[in-house]
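What follows draws every value from the coordinates through simple rules; no lab data is involved. Note that the structure is predicted; figures quoted are calculated from it, not measured. Counting neighbours? That spans all protein chains shown, and the Cβs are built from the backbone with ideal geometry, glycine included.
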Ligand code: BTN
């Protein structure tokens, strides 16, 4: 399985398939420690201890979805700009999902969830290693719901639920890696402003009034964009405010 070579410069050129593992992020961590080249990918059919954002777990039924991680060495990126990598990865997935499911509304929910028809279809866990002011290593873990049709969480969805189709996983991986590499190369070429602009364009709830909470307060606000530090900008009744990670939550 996963034998179709990606049409990429480096992403997925070294591809390790494991029928089962605890976490593909941990497996890539080992490979990078053993000096694997940038772009190494580990993919599994059964991830038994998948990690999610903010210490959560990531559950994925065996053989149904894409659970994989990519090892990167983005030395060109300063630690303070780490959110640009997150935006580039989100946009690579966004580009690809829009192409795969043209009749589905796809958005990026800040900071880095992919939404399809207002439900979460894909999660990203990026683990960076910083030396001095540079990011020397980055492990990009992606959990993409493909053929799974029932979830514990009502807020989750999959490509199959959105389209009514089943997707063979092997060609999907090849294709998604090509889109991810294209955005990574755009970032490496210094096109940060464009990435920020396109990320804003893809934002979930942008220019719509919704309920948020922050510091124990519930308030009405409208997302207007992202600032240069990756904070979410919300127009509230008491003015424009910028929120960092974990400082604001979305309400229904
Ligand atoms: C989230 O909480 O939304 C992020 C989920 C990230 C899950 C992926 S699956 C592949 C990789 N390995 C892990 O242990 N986690 C990531």
Descending packing, highest mean Cβ count within 10 Å first, for 106-115, 27-36, 210-219 is 106-115, 27-36, 210-219
Taking Cα atoms, the helix 24-33 axis meets the longest principal axis of the chain at an angle in degrees (rounded to 10) of 70 degrees
Cα convex hull volume per residue for the range 1-73, in Å³, equals 95 Å³
Counted neighbours (other Cβ, 10 Å), sorted fewest up, put 68, 17 in the order 17, 68
Most exposed first, judged by fewest Cβ atoms within 10 angstrom, 120, 165 run 165, 120
Expressed as a whole-number percentage, the relative contact order of the chain with C-alpha contacts under 8 angstrom and at least six residues apart is 18 percent
Ranked output for segments 140-153, 78-91 by mean other Cβ atoms within 10 Å, highest leading, reads 78-91, 140-153
Rounded to the nearest 5, the percent of antiparallel DSSP beta bridges in the chain equals 85 percent
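When a footprinting reagent is the concern and you count Cβ atoms within 10 Å, what order do 229, 103, 95 take, fewest first? All intermediate terms of the calculation are to be shown ahead of the outcome.
Details: 229 11, 103 7, 95 19.
Ordered from fewest to most neighbouring Cβ atoms within 10 Å, 229, 103, 95 come out as 103, 229, 95.
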Taking the alpha-carbon centre of each part, the distance from the range 207-234 to the range 74-90 in Å is 22 Å
One computes Rg over Rh for the range 86-220 from alpha-carbon atoms, with the Kirkwood Rh, and obtains 0.99
Shape call for the range 15-157, from the Cα gyration tensor axes a ≥ b ≥ c (a/c under 1.5 means rounded, otherwise prolate when a/b beats b/c, else oblate), comes out oblate
For the chain, longest principal axis from Cα atoms; helix 192-201 axis from its Cα atoms; angle between them, nearest 10 degrees, is 70 degrees
A convex hull over the alpha carbons of the chain yields, per residue, a volume in Å³ of 127 Å³
Both in Å, the radius of gyration and Dmax of the C-alpha trace of the range 168-252 are 16.4, 50
Here the relative contact order (percent) of the range 1-115, from C-alpha pairs under 8 Å and at least 6 apart, is 20 percent
With only helices counted (DSSP H, runs n ≥ 4, each -39500 (n - 2.57)), the per-residue ellipticity at 222 nm for the chain, to the nearest 500, works out to -8000 deg cm²/dmol
1/(1 + (r/R0)^6) with r = Cβ-Cβ of residue 79 and residue 227, R0 = 22 Å, i.e. FRET efficiency to nearest 0.05, evaluates to 0.85
For the pair residue 26 and residue 131, the simple spin-label estimate (label points 7 Å beyond Cα toward Cβ) gives in nm 2.5 nm
